[in-house]
Amino acid sequence: MTISVIIVSWNAKDFLNECLESLNPAASDFPLEIIVVDNASADGSPELVTNKFPHVRLIQSGSNLGFSKANNLGIKQCKGDYVCLINSDVNVLPGSITKLVEYLENNPDVGIAGPSMLDAQGKIGRSCRGFPSVWNMFCHALALDSLFPKSKLFGGYILRYWPQNSTREVGILGGWFWIVRREALDRVGLLDENFFFYAEDMDWCKRFHLGKWKVMFVSSASSIHYGGGSSKQAPLKYYIQQQRADLQYWRKHHTVAGRVAYFGICLLYHATRLVGNGMRALFSGQNSPHRAKAALNWQCLLWYLGGAK
């Protein structure tokens, strides 16, 4: 059995180097076919792959295709019985791929699985969510899920009441580390290339659920996700892109009434966060991170009120 690992990279050379180094024999008991799809990086990433990792297949896209289209490019050319999509800013810990494959082998009704996400200090992060609804997004906008973290009524989106330390079926697995059964992939189809970056995880998991495949969080497997390997280069651009992608998801999977309600919820979310972050910035100094957050909220409000295209 062969596992195909596909990594999309854009100007994340140092992260990519660590990721590829972690994909050693300890990561998987099964043979790995490793493919890097480079989205026209200008930081020497292609040369790194060619010179240091000759066993890795390099596909140079020629332009920044985005997350979905670049992953699809790799999927179309891979041959594995299972397909593993891993972000370039991930350190794959020993045994993680093996545990995920074994879980899928033992549970044929599972189409897609993901591991526990750790930060650089080894702390468990939140990599699963519930599907967005008008109710749970309204609760999130008013921070009710933060005020009442143990409440399932208010916490259906972020799932704060669940510490993500147990294996269970979930709505959405974050797209930082997925492993997909080939049979399920053939039935569900490739990632939707209309999603350039962000929200493709919500859309794909939704389609797996609609196809009667389980989406599983497997707590026994874990890896490190540093986060922001590409997005930190232009935080405002990527933050707006995330808003755009979320609206795109709602247009695809929700009614007109739901989309209108969600648009209003987005305005409510950024307005309340702008006030909160602005107040904190006033009392926490010139270099407060709340100042940057308030600026992002303000720019998002302007973007929404300006047409949100």
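The values are calculated or read from the model by the stated rules, or taken from the named source; none is laboratory data. Treat the numbers as computed from the prediction; the structure is a model and nothing was measured. Neighbour counts are summed over all protein chains in view; Cβ atoms, including those assigned to glycine, are modelled from backbone coordinates with ideal geometry. Protein only, heavy atoms only, side chains kept; ligands, DNA and RNA dropped before computing areas. Shrake-Rupley method; radii C 1.70, N 1.55, O 1.52, S 1.80 Å.
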- Message: Name the single residue that is farthest from PRO94 (Cα to Cα) among those in the range 33-53 being at pLDDT 95 or above and open to solvent by 50 Å² or more (accessible area, probe 1.4 Å).
- Response: GLU47
- Task: Would you point out the residue of the range 91-141, among those that are aromatic (Phe, Trp, Tyr) and in a helix (DSSP H, G or I), that is least open to solvent (accessible area, probe 1.4 Å)?
- Result: TYR103
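Which of the following residues is in contact with an Asp or Glu (Cβ under 9 Å, 6 or more places away or on another chain), of a type in the set (A, V, I, L, M, F, W, C), closer than 19 Å to SER222 by Cβ and surrounded by fewer than 18 Cβ atoms within 10 Å (Cβ to Cβ): PHE15, PHE30?
Going through PHE15, PHE30 in turn, just one is in contact with an Asp or Glu (Cβ under 9 Å, 6 or more places away or on another chain), of a type in the set (A, V, I, L, M, F, W, C), closer than 19 Å to SER222 by Cβ and surrounded by fewer than 18 Cβ atoms within 10 Å (Cβ to Cβ): PHE30.
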- Task: Tell me, please, whether a residue that is under 24 Å from the mean Cα position of the chain (by Cα) and not aliphatic (A, V, I, L, M) can be found in the range 274-288.
- Result: no
- Message: What pairs come out if I take residues in the range 181-209 that are open to solvent by 50 Å² or more (accessible area, probe 1.4 Å) and pair them with residues that are of a type in the set (D, E, K, R) and part of a loop (DSSP other than H, G, I, E, B) whose C-beta lies under 7 Å away, six or more apart or interchain?
- Response: ARG182/ASP81
- Task: Return the only residue of LEU210, LEU282, LEU296, LEU302 being of a type outside the set (Lys, Arg) and touching a Leu at 6+ places or on another chain (Cβ under 8 Å).
- Result: LEU296
- Going through (1) closer than 23 Å to GLN77 by Cα; (2) more than 18 Å from the chain's Cα centre (by Cα) one by one, LEU147 fails only at (1)
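Please work out which residue is most open to solvent (accessible area, probe 1.4 Å), limiting yourself to the range 142-173 and to residues that are part of a loop (DSSP other than H, G, I, E, B) and touching a helix residue (DSSP H, G or I) at 6+ places or on another chain (Cβ under 6 Å).
As a first pass, look at the range 142-173 and keep what is part of a loop (DSSP other than H, G, I, E, B): 142-143, 148-167, 170-171.
Right, trim to touching a helix residue (DSSP H, G or I) at 6+ places or on another chain (Cβ under 6 Å) and you get 154-158, 160.
Details: PHE154: 46, GLY155: 3, GLY156: 24, TYR157: 28, ILE158: 30, ARG160: 92 Å².
Applying the filter and picking the extreme gives ARG160.
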